[in-house]
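Read the structure below first, then the notes.
The values are calculated or read from the model by the stated rules, or taken from the named source; none is laboratory data. Just so it is clear, the model here is predicted, and its values are computed rather than measured. Every residue, glycine among them, receives a Cβ derived from its backbone with ideal geometry; neighbour counts consider all protein chains shown. When the accessible area is computed, the model is the full protein with side chains, heavy atoms only, and any ligands, DNA or RNA have been set aside. Shrake-Rupley method; radii C 1.70, N 1.55, O 1.52, S 1.80 Å.
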Amino acid sequence: MSEKAIRKIVIVGGGSAGWMTAAGLSTMLRKACEIVLVESPEIGTVGVGEATLPTIRYFNRALGLDETEFIRKTQASYKLGIEFKDWGQVGNRFFHGFGSFGPQIENRSPHLHWLRLKQDFKDMPSYENFSIATVMARQNRFTPPSAEVPGISDAYSYAYHFDAGLYAAYLREVATGRGVQRIEGMITDVEQHPETGFITAINLRDGRRIDGDLFVDCSGFRGLLIEGVYKAGYDDWSAMLPCNSALAVPCEKSANFTPYTTSTARDAGWTWRIPLQHRTGNGYVYSKEFTSDDAAARVLLDGLDGKALGEPRQLRFTAGRRRKSWVKNCVAIGLSGGFLEPLESTSINMIENAIGWLIQFFPERDFQPSLANEFNRLVSQRYEFVRDFIILHYKITDRRDSELWRYCANMAIPDTLQHQIELFRETGRVVLYDHEGFSVSSHLSILMGLGVIPKSYDPLVNLLDFNQLHAHFRNVRDAVAKVAGRAPLHEDYVRRHVAAAAAARLA
Ligand code: FAD
């Protein structure tokens, strides 16, 4: 070990971000340094955050978690994507599935060929028929991807819905098992080095002092260290992402155990429905500028498909990101680093990324500023790409039937997004600024789902024989239907999996 090596890391906060960070660092650092996590039950956690992106599987795998054990312990279900209802206009329904719309054709995205055929074949099947994730989800079926039919049965991915409290508890077990020390207490004061300004220790209300070399701020919206100490600043994006409130309430599980999240557009925002094994999570994300909390609660409760398990819980937020997530020896991960509202479930993914980048650019005690600069560049850039993708949903809808939707139609959007929309509208091409973020297929799902049909298509697709192409799409559609139809019902798949995990534990 170098003389400058970090000897002690202090993680402030024990929500999803804190315990994911603790589990990630304790796994990667293999007891090379001491790790302490401080949390205060008095303050509690936001307690929401139940839908994820497929990258969570890589995160869990890096921790060495067993999938069946994870599914059992967190009451999880599988997620093939998101069904959007009433977003383009009332009555409209489309699906954002995790995966492609069939194999590439001559190195070009299949949608470009589909657009060509669609011009002549008015009865060309909807592009959704070529997405295996979508077709499987619509039948409430689930099975993991396999190599059985190349280009079809491996052309999708999946994520999970889980109980956020149980996930944090599970990771706490993992992290403490790998040497992380948990301390319960309320942080009331922070000590800094008089010359460098580095944080040297945090003090608890009961008089305990916890010193450290690296401080990870997972304290939630308040940003206890990153904002409280360093005044890192916040880019407020609420003019483009106007939702600033949420009400969340679980309800009894219903028979409709979907392998997907449902997002339904409402007058002042949208509601979510997330099925878990033991209950269904629900919430209404809205702008308090366009409705009252009482009216929002009525919309939420009237839309439940099971008995509410308690009173709705209120949350407020400002969509945006911290100007810098890493300042001196403090790194903000989780809500302390920013929040873009839960549409498309990107927050936990942001936590995974930040942990990955912290490990990639892990410092020594001299904290070379270039490491922080690179970390901040990557985090900022990812926030911007995700921001654009979420704004896209609000901007291109045809809905004008309430104040929120009229506001969105007229609001200014980033030039980067404007360019993406124009390019697609005019030519059918999708441009990506971040190849590790949302894919071409994800953008297509939203653009076409919300009714944007390009005015022209890629002229090079005309080089292929029209009839052969038509036959190709028919074959892909049939293969997708066959593979999806063979998958077990989601309910059965989960039940079998959980039973197998329980049996393995007893054996
Ligand atoms: P918190 O959960 O707030 O944890 C903060 C921790 O800091 C707590 O342990 C607290 O005790 C501690 N703390 C704070 N101050 C002190 C102090 N003074 N002393 C000691 N301890 C202190 N994300 C998704 O990926 N998918 C979703 O579907 C999703 N849905 C969401 C819906 C809503 C309405 C909201 C608001 C968020 C949603 N998120 C979602 C985001 C997700 O909930 C968060 O990213 C995740 O829970 C991480 O939160 P956190 O750990 O950063 O903060």
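Can you tell me which residue is farthest from Leu315 (Cα to Cα) among those in segment 328-341 that are open to solvent by 10 Å² or more (accessible area, probe 1.4 Å) and more than 6 Å from the ligand (Cβ to nearest atom)?
Lys328
Within segment 4-49, which residues are within 22 Å of the chain's Cα centre (by Cα) and either surrounded by fewer than 16 Cβ atoms within 10 Å (Cβ to Cβ) or of a type in the set (S, T, N, Q) (or both)?
Ser16, Thr21, Gly44, Thr45, Gly47
Exactly one condition in (1) outside any loop (DSSP other than H, G, I, E, B); (2) free of Cβ contacts under 8 Å to residues at least 40 places away in the same chain is not met by Phe221; state its number.
(2)
So which strands (runs of 3 or more DSSP E) stay within segment 135-206 end to end and still have 2 or more residues that are surrounded by 17 or more Cβ atoms within 10 Å (Cβ to Cβ) and out of contact with any Ser or Thr (no Cβ under 8 Å at 6 or more places or on another chain)?
199-204
On the given criteria, is Val190 of a type in the set (A, V, I, L, M, F, W, C), more than 25 Å from Lys253 (Cα to Cα) and under 31 Å from the mean Cα position of the chain (by Cα)?
Here the answer is no, as Val190 does not meet what is asked.
I want to confirm something. Restricting to segment 230-271 and keeping residues that are in a strand (DSSP E or B) and touching a Pro at 6+ places or on another chain (Cβ under 7 Å), which single residue is nearest to the ligand (Cβ to nearest atom)?
Ala248
Criterion first (β-branched (Val, Ile, Thr) and within 16 Å of the ligand (Cβ to nearest atom)) does Val90 satisfy it?
No, not satisfied.
Condition first: near the ligand (Cβ under 9 Å from one of its atoms), of a type in the set (D, E, K, R), surrounded by fewer than 24 Cβ atoms within 10 Å (Cβ to Cβ) and closer than 28 Å to Tyr78 by Cβ. Can you find one or more residues in segment 342-360 that meet it?
yes
Can you report the number of residues in segment 80-108 which are out of contact with any helix residue (DSSP H, G or I) (no Cβ under 8 Å at 6 or more places or on another chain) and not in a loop (DSSP other than H, G, I, E, B)?
The qualifying residues number 3.
Only residues in segment 52-72 that are farther than 23 Å from Ser263 by Cβ count as the first member; pair them with residues that are within 16 Å of the ligand (Cβ to nearest atom) and among the polar types (S, T, N, Q), Cβ under 8 angstrom, at least 6 apart or cross-chain, and list the lot.
Glu67/Asn60; Phe70/Asn60
Which of the residues spanning segment 46-61 are within 8 Å of the ligand (Cβ to nearest atom) and either over 18 Å from Thr346 (Cα atoms) or not in a loop (DSSP other than H, G, I, E, B) (or both)?
Listed by number, the list holds a single entry, Ala51.
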